[in-house]
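What follows is a single structure, written as structure tokens, with notes after it.
The values are calculated or read from the model by the stated rules, or taken from the named source; none is laboratory data. Remember, it's a predicted structure, so these values are computed and weren't measured experimentally. Here the Cβ is made from the backbone with ideal geometry for all residues, glycine too, and neighbour counts use every protein chain on show. Accessible surface areas use protein heavy atoms only, side chains included; no ligands, DNA or RNA. Shrake-Rupley method; radii C 1.70, N 1.55, O 1.52, S 1.80 Å.
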Amino acid sequence: VRSAGRSETFQQAGGQSWFDQISRSGYARLAVAGSVYTFTANDGTVAVFRPVSASECSSAFSCGFVSQITYADGTRFSFEYDSGSGVKRLRSVVSNRGYALLLQYGSGGDTNHVTSACVINLSVQPKPANNTCPATPQASASYAYTTLGTARRLASAIDAAGGTWGVGHASVRNGRRD
């Protein structure tokens, strides 16, 4: 389990109904009910994952994406993903503190890359059911990509204040920078 810059490792022996924590970072717990996993960090943070499914990641392995994180102070984030078959993409994160982050994806070579994102204040406007950024969000940003070798890489971003940021990439060939 990786979250907030930390990770915890668990293992389950064959025939065992519980998980043993094998990382040495504290007293975290991992529990499962059916195919839904719940992770409790040593600081009281609780993450509940969507039911584990082989169709969510790839045909090679199963994945469980987080559906809700609740912090010890009561702050809760709910995560919504694209529906349908295929690899799941995060579409929105809604906070019980009254905000929603909506993510938009590109087309063509950018179908797995966020091309824009917006934040809306839920006391001012409702979250669109289709997770599309409204015409007047409280903040928004956009992102453009370039191809480096065979991989798509972030090339530029326009932040919520209208500032434009460029991103440079060094290519590495045969262990040397070009």
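Quick check on the stretch 169-178: of everything there that is on the phi < 0 side of the Ramachandran plot and open to solvent by 70 Å² or more (accessible area, probe 1.4 Å), which residue is modelled with the lowest pLDDT?
Step by step, filter the stretch 169-178, then rank; the result is Asp178.
Of the residues in the stretch 141-159, how many are in a loop (DSSP other than H, G, I, E, B) and either under 15 Å from Gly108 (Cα atoms) or in contact (Cβ under 8 Å) with a residue 24 or more places away in the chain (or both)?
1
Which one is nearest to Cys63 (Cα to Cα) among residues in the stretch 10-37 that are among the hydroxyl-bearing types (Ser, Thr, Tyr), surrounded by 12 or more Cβ atoms within 10 Å (Cβ to Cβ) and at pLDDT below 80?
Looking at the filtered set, the residue picked out is Ser23.
Residues are listed down the side, and each one gets a yes or a no for (1) under 19 Å from the mean Cα position of the chain (by Cα); (2) open to solvent by 30 Å² or more (accessible area, probe 1.4 Å):
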{"residue": "Thr75", "(1), (2)": "yes, no"}
{"residue": "Glu80", "(1), (2)": "yes, yes"}
{"residue": "Ser92", "(1), (2)": "yes, no"}
{"residue": "Gly108", "(1), (2)": "no, yes"}
{"residue": "Ser116", "(1), (2)": "yes, yes"}
{"residue": "Tyr143", "(1), (2)": "yes, yes"}
{"residue": "Thr146", "(1), (2)": "no, yes"}
{"residue": "Leu154", "(1), (2)": "yes, yes"}
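For residues in the stretch 50-73 being modelled with pLDDT of 90 or more and not in a loop (DSSP other than H, G, I, E, B), which is farthest from the chain's Cα centre (by Cα)?
Residue satisfying both the conditions and the ranking: Thr70.
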